[in-house]
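Nothing in this text is a laboratory measurement; each read-out follows from the coordinates by a stated rule. Owing to the predicted nature of the structure, the values given are computational and were not obtained by experimental measurement. Virtual Cβ from ideal backbone geometry, glycine too; neighbours counted across all protein chains shown.
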């Protein structure tokens with residue numbers, strides 16, 4: 001009987017290596033799942049809130065809907081959108097939960113609050129503020145960094161001018177052509193192919 005040759009170890013390692021380099025989800029980074037202890041803490045908090053005051057639990061669930069939506073659509077590894085929307089949304093929800101507790105918590109009062117457009121407007125405006133911060137902050141940070149770099153560049157040019165006046169033109173490096181603004185924004189050129 002003829003024996004079939006065993007596959008070479010190098011080929012099987014190459015095949016495993018190629019399979020390991022494939023992206024897990026096309027075009028999206030792998031989603032990081034929260035820590036089990038954090039999820040248990042959130043679940044326990046919600047259960048305690050539901051047992052202690054069911055009306056406050058209802059108001060909390062209705063009020064935190066925008067944060068839930070942000071969590072569902074957030075694909076950032078560290079849940080940047082979720083936490084940015086969570087902070088102002090939780091603040092607005094806490095205001096109404098405190099008002100509910102002070103006035104006497106009842107399901108009827110929760111339904112009255114939920115039928116008030118002012119309450120919904122405050123809850124969604126707070127979540128909208130979180131969205132605004134999430135969308136605008138990268139632009140503001142980029143503008144601040146560009147301004148700081150421009151100021152540093154101007155300072156370096158002034159010190160270079162002083163050095164040229166003091167030591168002469170022999171110490172000056174050759175002039176570097178300026179990069180057009182459009183090309184600087186594109187970053188490094190990508191290899192073709």
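Counting other Cβ atoms within 10 Å as a rough exposure proxy, the listed residues 76, 156 run 156, 76 from fewest neighbours to most.
Given R₀ = 45 Å, what would the calculated FRET efficiency be for residue 151 paired with residue 78, taking r from the Cβ atoms and rounding to 0.05? That gives a FRET efficiency of 0.90. Taking 0.36 nm per residue of sequence separation and removing the Cα-Cα distance, the residue 42/residue 141 pair yields an extension gain of 32.4 nm.
Between residue 106 and residue 71, the C-beta separation translates, for a Förster distance of 22 Å, into a calculated FRET efficiency of about 0.15.
Put in line by how crowded their Cβ is, counting other Cβ atoms within 10 Å and starting with the fewest, 136, 61 read 136, 61. With the largest listed first and rounded to whole Å, the semi-axes of the equivalent ellipsoid of the stretch 37-136 from the Cα gyration tensor are 24, 18, 9.
With Cα atoms defining each centre, the stretch 117-158 and the stretch 74-113 are spaced 24 Å apart in the structure. On the beta carbon distance between residue 54 and residue 118, with R0 = 30 Å, the FRET formula returns roughly 0.80.
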